Amino acid sequence: MQSLDNHDRTIRAIEELIEDADFESLNQRLAERTLFDVLGISEDELSHSKMMAWLLDPTESHGLGSKALRRFLYRAAKLAHAAKVDFGKDGVPITPLLAETLSFADVHLRCEYSLLNRRRPDLVIWSEDERWLCVIENKILSDEGEEQTTSYYNEMLRSFPPDQFRHRLFIYLTPEGTWPESRKFVPVSYSTVACVLAKARDAAAGFGRVAIEQYANCLGGRILERDQLQEICWKLCRNHRVAIDAILDYGDVNMLAAKTRERVLEELRRRDGSVIPGRNLEWESSKGIDWIAIWPRNWPIKMRSLKYPGFFKIWWKDEPQGLSETIKVELGFDRPHGPAV
C-alpha cells in the first residue's frame, strides 16, 4: 500500500509540473529550434565567429553590402566613447562619426587571425586605404584566458602599427557585455548584434534574410535569454523537486527497458510464487549505459567477494537506422558491476 501511495504521489507531482505555466513556457521556448540547434552549434564560439565574419563582410552573399558592418562599428564606437577608451600614443578610437562615413572600399576580414605569438583573435577587420583596424574577441560559454586580451592588444601593435592603422577599435563580445582584463577592449553584448540584425534584416537578399532570421532566433533563444531560461529552470526545480527527481531516475534509461523492468518485477511478485517464493521482497536496482539490473535487497550473501550473488539483467540494443530495438532479460550471477556468469 505504501508503494502505491508513493506511486500516486509521484504521478501527481509530475502532473503538477506539466500544468505549471513556467514549464509550458520553457517547453515552448526550447521547442523553437533553429538550424544552429539542429547542427549542434548554437553555443559554439567558432561558429558564432564565422557567422559574424559572414555578416560583417560587405562582399558576402547576404545582400546587405556594408550595412551590417557600418551599424555594428557605429554602435561599438558609441560604447567605446561612453567607456572612455583611450589608446594614448597607440592611436585613436574609431568614433561613431567615422564609422558612419567610412567607404569600406578595401575591407579585409579574417576569422581566427594567427598572430606571431600563436594566439588567434576570433575576428580581425582592417582597411589599409582608410587606415583603421577592428579586433573582435568572442566568448559564449568560456571566460577570457590568462592575459588574453592584453596579449592581443600588444601583439596587434606589432602586426598593425598605429602609424599605418591610426583608427582602432578592440571589441570583447559576450552574451552579457562583460568587461575583459584589458581596458583597451570595449565590452559589447550580443544584444547589440541582435539590434543590428533586426535593422538590417529587411535589406537582405532571399538567402541572407533566411540566414539572418535563423541567427537572430538562435541568439534570442540560446544566448540572450539564457539568464531567463536559467531562472525558470531553478524555479521549476525548487517547486517540483519530487517530479524532477522521478524524471531523472526513470528518464536516463531506455524507456522500453524500464517498462520491461516493471513487468519482470510484476512476475516476480506474482501470488503463486512460481518464480520467487518471497513475493514481499524489497528489490534493489542499478543502471548502466545499456542495462538495468535488479536483485532482492536482503539477498543472503555467503561470500564477501560476491556483493550481489544473483540478479536479473535487462539490457537493450538499438538496431541500425533506429527502426527497432532488442530487449533481453537474463539471470546473472556475481554482481551487476563485475563479471557475470
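A few notes on this one:
- Averaged per residue, segment 26-140 has 50 square angstrom of accessible surface, using a 1.4 angstrom probe with ligands and nucleic acids left out.
- When +1 charges are put on Lys and Arg Cβ atoms and -1 charges on Asp and Glu Cβ atoms, the dipole computed for segment 95-136 relative to its Cα centre reaches about 360 debye.
- A 1.4 Å probe, protein heavy atoms only, puts the accessible area of Leu35 near 100 Å².
- Flagged links, alpha-carbon separation over 21 Å, of Lys50/Lys89; Lys84/Lys139; Lys287/Lys328: Lys50/Lys89; Lys84/Lys139
- Label point distance in nm, Leu35-Glu146, each placed 7 Å from Cα along Cα→Cβ: 4.1 nm
- Computed with a 1.4 Å probe over protein heavy atoms only, the accessible area of Trp234 comes to about 150 Å².
- The ellipsoid equivalent to the alpha-carbon distribution of segment 93-170 has semi-axes of 22, 14, 11 angstrom, derived from the gyration tensor eigenvalues as √(5λ) and listed largest first.
- Anisotropy class of segment 153-221 from Cα gyration tensor, a/c 1.5 cut: oblate
- The phi torsions of segment 91-107, fed into the Karplus equation with coefficients 6.51, -1.76 and 1.60 and a -60° offset, translate into couplings of x, 10, x, 4, 9, x, 5, 5, 4, 6, 10, 5, 8, 6, 6, 10, 6 Hz, rounded to whole numbers, with Gly and Pro shown as x.
- Range of Cα positions in segment 37-81 per principal axis (Å), largest first: 36, 25, 13
- Label sites at Leu157 and Lys199, each approximated as a point 7 angstrom past Cα along Cα to Cβ, lie 3.3 nm apart.
- Under the convention that each Lys and Arg Cβ holds +1 and each Asp and Glu Cβ holds -1, the size of the dipole of segment 35-180 around its Cα centre is about 480 debye.
- Accessible carbon and sulfur surface of segment 174-219 relative to its total accessible area, %, 1.4 Å: 51 percent
- Legend: residues His62, His108, His81, sorted from most to least accessible area (1.4 Å probe; ligands, DNA and RNA excluded), read His81, His108, His62.
- Val38 - accessible surface, heavy atoms, 1.4 Å probe, Å² rounded to 10: 100 Å²
- Given charges at Cβ of Lys, Arg, Asp, Glu: segment 122-245 dipole, positive-most of Ala211, Ser159, Ile232: Ile232
- Low-density loop cleavage sites - GluC sites (Glu not before Pro) in segment 81-183, where at most 10 other Cβ are within 10 Å (DSSP): Glu146
- Per-pair calculated FRET efficiency, R0 = 41 Å: Glu213 and Arg118 via Cβ, rounded to 0.05: 0.65
- Between Glu181 and Gln164, the contour length at 0.36 nm per residue exceeds the Cα-Cα span by 3.5 nm.
The values are calculated or read from the model by the stated rules, or taken from the named source; none is laboratory data. Source: prediction; values computed, not measured. Please note: Cβ atoms are built from the backbone with ideal geometry, for glycine as well, and neighbour counts cover all protein chains shown. With ligands, DNA and RNA removed, areas are computed over all heavy atoms of the protein, side chains included. Shrake-Rupley method; radii C 1.70, N 1.55, O 1.52, S 1.80 Å.
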